[in-house]
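K.L.:
One structure follows; several queries about it will come next.
Bear in mind that the values in this text are calculations on the coordinates, not laboratory data. Treat the numbers as computed from the prediction; the structure is a model and nothing was measured. Here Cβ is always computed from backbone atoms with ideal geometry, including for glycine, and neighbour counts include all displayed protein chains.
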């Protein structure tokens, strides 16, 4: 009964490769997010989607491409991986309207680029 | 743009004692929300407590309470009767209204609990 799940939890890959991280939420939320946590533990928003529509796209290299096939899923595809992409990537979700609009986080995906 | 500042990179507390983590923020908005998230070594982000800016009453969740000073733009977290399981990174976060805006995080405070 995991609320927000991410796969994989760990990802080790070589520079230049392309990889994807998947996120699914079963909370019925309409908004999903990707955050990046760097090596100093600083968390920063990358993207957010509302009802499959991109609403926020922070200054992120265009090698990063989010895709939302439906409200419950938000995947992150990364092309031509670089050493600086090594980080923990968190997916989160929330409901735009309603009493509870708290963001719930997935367990994170630790990406290591060698 | 909003910013969140946590001025204490590390804190420690004796088991069963009380500790206060500081957070200040900068905004020109009048309607917003503030949060404290806990990140234990498992790296899971866990919501500890939230505060709506329009509420004057400080939020409380069991051993966790906040001191929200809107005019001073301060939002500190008090942990009472500290337990070993409280050891974690604690992040203060700000969110504008409406509800689908992203969180702006502080840099975190690492809390150690000494047995």
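K.L.:
Taking every residue in A:102-110, how many Cβ atoms of other protein chains lie within 10 Å of its Cβ, on average?
P.N.:
5
K.L.:
Treat chain B as a sphere of radius equal to its Kirkwood radius over Cα pairs and apply Stokes-Einstein at 10 °C in a medium of 1.306 mPa s; give the translational diffusion coefficient in µm²/s, rounded to a whole number. Write out the running numbers ahead of the final one.
P.N.:
Details: Rh = 14.2 Å.
Result for D is 112 µm²/s.
K.L.:
In region B:1-37, which residues have a backbone nitrogen under 11 Å from the label point lying 7 Å from residue B:61's Cα in the Cα-to-Cβ direction?
P.N.:
Residues B:35-37 fall inside that zone.
K.L.:
With a cut-off of 17 Å, note down the residues of region A:59-83 whose backbone N falls inside the zone around a label point 7 Å from the Cα of residue A:52 toward its beta carbon.
P.N.:
Backbone N within reach: A:66-76.
K.L.:
Take the alpha-carbon centre of region A:1-79, take the same for region B:21-71, and report the distance between them in whole Å.
P.N.:
Taking the Cα centre of each part, region A:1-79 and region B:21-71 sit 25 Å apart.
K.L.:
Would you kindly calculate the mean projected area, averaged across all directions, of the convex hull enclosing the Cα atoms of the protein assembly as shown, in square nanometres? Let's see the in-between values first.
P.N.:
Numbers: hull surface 50.6 nm².
So the mean shadow area of the Cα hull is 12.6 nm².
K.L.:
Next up: What ranking do B:82, B:42, A:5, A:86 get, fewest neighbouring Cβ atoms within 10 angstrom at the top? Spell out each step's value before the answer.
P.N.:
On the way: B:82 21, B:42 10, A:5 14, A:86 17.
Listing B:82, B:42, A:5, A:86 from fewest to most nearby Cβ atoms yields B:42, A:5, A:86, B:82.
K.L.:
Related question: When a/c is below 1.5 the answer is rounded, else prolate if a/b is larger than b/c, else oblate, so apply that to chain A with a ≥ b ≥ c taken from the square roots of the Cα gyration tensor eigenvalues.
P.N.:
It is prolate, given that a/c is not under 1.5 and a/b is the larger ratio.
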